[in-house]
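Notes to accompany the following structure.
The values are calculated or read from the model by the stated rules, or taken from the named source; none is laboratory data. What you see is a predicted model; the values in this text were computed from it and never measured. Every residue, glycine as well, gets a Cβ built from its backbone with ideal geometry; the counts of neighbours run over all protein chains shown. We work out accessible area using only protein heavy atoms, side chains counted, and drop any ligands, DNA or RNA first. Shrake-Rupley method; radii C 1.70, N 1.55, O 1.52, S 1.80 Å.
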Amino acid sequence: MSTEARERLQEWGRTPGAVALLTDIDGTLAPIVPTPDAAEVSGELRGLLRRLSGSCRVVAGISGRAAVDAFRLVGLEEIVYYGNHGFEILRGGEVEVVPEAAPYEEKVEELQRRAREELGPLGAFIEEKGITVSVHYRNVPPEVGERCKEFVEHEGERLGLRITVGRGVVEARPPIRADKGTAVRKIVKEYKPEKALFIGDDTTDLDAFRELEKLREEGTLKETLRVGVKSDEGPPEIVSEADLVVNGVEGVEEVLRVLADGS
Ligand SMILES: [Mg+2]
């Protein structure tokens, strides 16, 4: 870490009540492992996050995982979790869907139920993710896969949902923008910090970097710090758009320690 970056973090650490600490989880707090279920946050890092949650304005974990899954992984009740593409918030043990997505909850449920009735018997796997639903057809004959796509596209359109097709999977979700950038904006508007830092390692984290910049340019935030976690698989922008670049989870630990100790 450069002397300049260290001094900046130390300065932030002296007035933690003005600071929002926002962070990605996988690849940032927990090393990437072959199976997501085996990911772990170290006791050391958890201890630092606990300390910071007591002093900072807010500490939030923002993840592509379901919010409950993010909570299970980090294991701290003191922090706020944004999960599932920014559609869900978990705090104080309760999961809520963001207000703009709430009107679509019933429609997603209806699609889920219809897919289970129509496509389940054909061998498709219906993954229920709360405010989004995924129909997996990798392990069925191609004609069944086509049927799955057509069915979800047709029903999704009827219900006013957004449909995305991936490799062997078709997903339906509310037709609103929700990503790490919208999550960052919501947290800043609600908790009103003067300064905010975001730490991340991957493409979806760039939405958070860019939103932080907007919040600073419009004057909502006085200062921002984009911390990029460098890795072999990460996109080049996570380094080029960052104010501070660190190496792996160990580098993140150093950032949190300087912030927590103010030295
Ligand atoms: Mg990540």
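Could you tell me whether region 235-250 includes any residue that is among the polar types (S, T, N, Q), within 15 Å of the ligand (Cβ to nearest atom) and either surrounded by fewer than 16 Cβ atoms within 10 Å (Cβ to Cβ) or assigned by TED's automatic domain parsing to the domain that holds Gln10 (or both)?
yes
Return the residues of region 8-17 that are of a type in the set (S, T, N, Q) and either crowded, with 22+ Cβ neighbours inside 10 Å or in contact with a helix residue (DSSP H, G or I) (Cβ under 7 Å, 6 or more places away or on another chain) (or both); say none if nothing qualifies.
Restricting attention to region 8-17, the residues satisfying the condition of being of a type in the set (S, T, N, Q) are 10, 15.
Residue satisfying the conditions is Gln10 alone.
Only one residue in Ala20, Ala39, Ala5 is aliphatic (A, V, I, L, M), surrounded by fewer than 20 Cβ atoms within 10 Å (Cβ to Cβ) and more than 16 Å from the ligand (Cβ to nearest atom), so which one is that?
Numbers: Ala20 fails: surrounded by fewer than 20 Cβ atoms within 10 Å (Cβ to Cβ); Ala39 fails: more than 16 Å from the ligand (Cβ to nearest atom).
That would be Ala5, the only listed residue that is aliphatic (A, V, I, L, M), surrounded by fewer than 20 Cβ atoms within 10 Å (Cβ to Cβ) and more than 16 Å from the ligand (Cβ to nearest atom).
Yes/no matrix, rows are residues, columns are (1) surrounded by fewer than 17 Cβ atoms within 10 Å (Cβ to Cβ); (2) within 16 Å of the ligand (Cβ to nearest atom):
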| site | (1), (2) |
| --- | --- |
| Thr164 | yes, no |
| Gly168 | yes, no |
| Ala172 | no, no |
| Lys180 | no, yes |
| Val188 | no, no |
| Pro193 | no, no |
| Leu197 | no, yes |
| Asp205 | no, yes |
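Of the residues Ile89, Ile25, Ile32, which single one is over 24 Å from Ser231 (Cα atoms) and either assigned by TED's automatic domain parsing to the domain that holds Val133 or among the hydrophobic types (A, V, I, L, M, F, W, C) (or both)? Reasoning before the result, please.
Working: Ile25 fails: over 24 Å from Ser231 (Cα atoms); Ile32 fails: over 24 Å from Ser231 (Cα atoms).
Of Ile89, Ile25, Ile32, the one residue that is over 24 Å from Ser231 (Cα atoms) and either assigned by TED's automatic domain parsing to the domain that holds Val133 or among the hydrophobic types (A, V, I, L, M, F, W, C) (or both) is Ile89.
Go through the residues of region 127-135 one by one and say whether even a single one is modelled with pLDDT of 90 or more, over 22 Å from Arg72 (Cβ atoms) and within 27 Å of the chain's Cα centre (by Cα).
Checking region 127-135: at least one residue is modelled with pLDDT of 90 or more, over 22 Å from Arg72 (Cβ atoms) and within 27 Å of the chain's Cα centre (by Cα).
Could you count how many residues in region 94-134 are open to solvent by less than 50 Å² (accessible area, probe 1.4 Å) and farther than 24 Å from Gly168 by Cβ?
Summing the residues that are open to solvent by less than 50 Å² (accessible area, probe 1.4 Å) and farther than 24 Å from Gly168 by Cβ in region 94-134 gives 4.
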